[in-house]
Amino acid sequence: MHDISTSRRAIEFLLDLIGSDDAERMRQRIGLPKPDADERTHNRRVLYAVWKSIALPSSVLLWALEEDDPERNVVVWGHKSADDAMRRAVMLGVPHGPGRTRAVRVDKALRHELEPPVPRHFSTYGLIGALRASTSMGPARSAASMVLGRRGWQAVADADRERPLPGYARWALTVRPDCPPALRARFGSHAKFTHRVRQAGVIDGPAQYATAWSPASRVLTVLSLGVTLFPTRVGEAEDALRPLVRDHLGDREDAWAVLAQLIGTFQGSVPELVITAGAIA
């Protein structure tokens with residue numbers, strides 16, 4: 001079932017790309033209530049509840065972690081799409097933002113939570129030894145979850161350069177959203193590899209998410225939450241969509257009305273939705 005409030009959030013994200021005066025006129029045309037004060041200040045309690053209800057690509061969670069904010073980290077920790085590597089990083093205060101090295105404070109809301117268990121073969125062989133000893137995907141994934149921060153990834157890159165890591169380890173490392181792009185490219189680039197990476201929810205950035213993922217309503221809802229949850233990165237999505245929205249919707253009231261009718265059931269990407277609404281109008 002499609003949530004009306006979800007459609008509203010999605011449309012509001014697009015309206016914010018055309019300027020306040022035009023946006024208000026479009027709201028009146030399609031009968032969209034003006035956001036109240038809580039919505040405009042992005043009431044965090046409400047936003048976090050919506051965020052937790054949506055299945056997310058792993059890279060979206062990474063963008064929230066890159067804020068290096070204890071409160072946001074709590075939300076990532078509790079999300080159903082978070083994995084052991086993310087939860088371990090949160091509990092150990094590993095910084096994710098570019099150039100940051102200072103440990104992130106662990107919020108008191110997590111004081112009774114436990115770090116995910118350390119894999120047995122990691123305790124026996126260490127990080128690189130455990131990766132090299134992985135002969136199936138399960139152990140490889142467990143070993144890969146122990147790569148922490150820039151030093152961990154540098155150790156992996158150095159080890160692979162010295163002697164290529166086995167295939168299962170490479171797969172498990174590749175589908176970590178924080179795997180450095182240069183290292184991921186070294187691990188593979190053929191079509192099957194690229195498909196596996198996409199299936200794992202690894203995305204180059206918010207611009208790619210905004211323009212290439214679907215369905216449009218879910219993507220736009222996530223981006224509307226991103227204004228609060230990953231504000232440093234969400235502008236990349238806004239910049240990618242703004243010219244498209246202005247060209248195909250702009251101040252055309254009928255086009256916005258068509259978009260409001262389509263958005264709840266449209267299965268394509270955001271660009272496909274915007275272009276279709278503009279063409280129909």
Mind listing whichever residues of the range 75-127 are among the β-branched types (V, I, T) and in a loop (DSSP other than H, G, I, E, B)? V94, T101, V104, V106, V118
Considering each of E12, E39 in turn, give the residue that is modelled with pLDDT of 90 or more, more than 30 Å from V175 (Cα to Cα) and not basic (K, R). E12
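Take the range 128-157 and flag every residue that is assigned to a loop (DSSP other than H, G, I, E, B) and within 16 Å of D84 (Cα to Cα). Give the derivation first.
Initially, the range 128-157 is screened for residues assigned to a loop (DSSP other than H, G, I, E, B), giving 133-136, 145-148.
Of everything in the range 128-157, those that are assigned to a loop (DSSP other than H, G, I, E, B) and within 16 Å of D84 (Cα to Cα) turn out to be S145, M146, V147, L148.
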Output the number of the condition that K34 fails; it satisfies all remaining conditions of (1) modelled with pLDDT of 90 or more; (2) charged (D, E, K, R); (3) open to solvent by 20 Å² or more (accessible area, probe 1.4 Å). (1)
When the range 177-192 is checked residue by residue, the ones that are surrounded by 15 or more Cβ atoms within 10 Å (Cβ to Cβ) and assigned to a helix (DSSP H, G or I) are L183, R184, R186, F187
It is to be established whether one or more residues within the range 99-107 are modelled with pLDDT under 95 and touching a helix residue (DSSP H, G or I) at 6+ places or on another chain (Cβ under 9 Å). yes
Every residue in the range 201-218 that is surrounded by fewer than 18 Cβ atoms within 10 Å (Cβ to Cβ) and of a type outside the set (D, E, K, R), please. G205, A207, Q208, T211, A212, S214
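Residue-by-condition table, conditions (1) among the aliphatic types (A, V, I, L, M); (2) modelled with pLDDT under 95; (3) surrounded by 15 or more Cβ atoms within 10 Å (Cβ to Cβ); (4) more than 18 Å from the chain's Cα centre (by Cα):
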| position | (1), (2), (3), (4) |
| --- | --- |
| S142 | no, no, yes, yes |
| D158 | no, no, no, yes |
| V175 | yes, no, yes, no |
| L220 | yes, no, yes, no |
In the range 234-281, anything within 21 Å of R25 (Cα to Cα) and among the charged types (D, E, K, R) is listed as E238, R242, R246, D247, D251, R252, E253, D254
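Working carefully through the options P206, P180, P215, find the one that is of a type outside the set (S, T, Y) and farther than 30 Å from L14 by Cα. Break it down into steps so the answer makes sense when it comes.
Details: P206 fails: farther than 30 Å from L14 by Cα; P215 fails: farther than 30 Å from L14 by Cα.
Matching residue, one of P206, P180, P215: P180.
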Just to verify a result, which residue in the range 160-173, among those that are in a helix (DSSP H, G or I) and surrounded by fewer than 16 Cβ atoms within 10 Å (Cβ to Cβ), is farthest from the chain's Cα centre (by Cα)? E162
From the set of residues in the range 42-60 that are farther than 15 Å from N73 by Cβ and at pLDDT below 75, which is most open to solvent (accessible area, probe 1.4 Å)? R45
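The values are calculated or read from the model by the stated rules, or taken from the named source; none is laboratory data. Only a predicted model underlies this, so the values are computations on that prediction, with no experimental measurement involved. Here Cβ is always computed from backbone atoms with ideal geometry, including for glycine, and neighbour counts include all displayed protein chains. Surface accessibility is based on the protein's heavy atoms, side chains included, excluding ligands, DNA and RNA. Shrake-Rupley method; radii C 1.70, N 1.55, O 1.52, S 1.80 Å.
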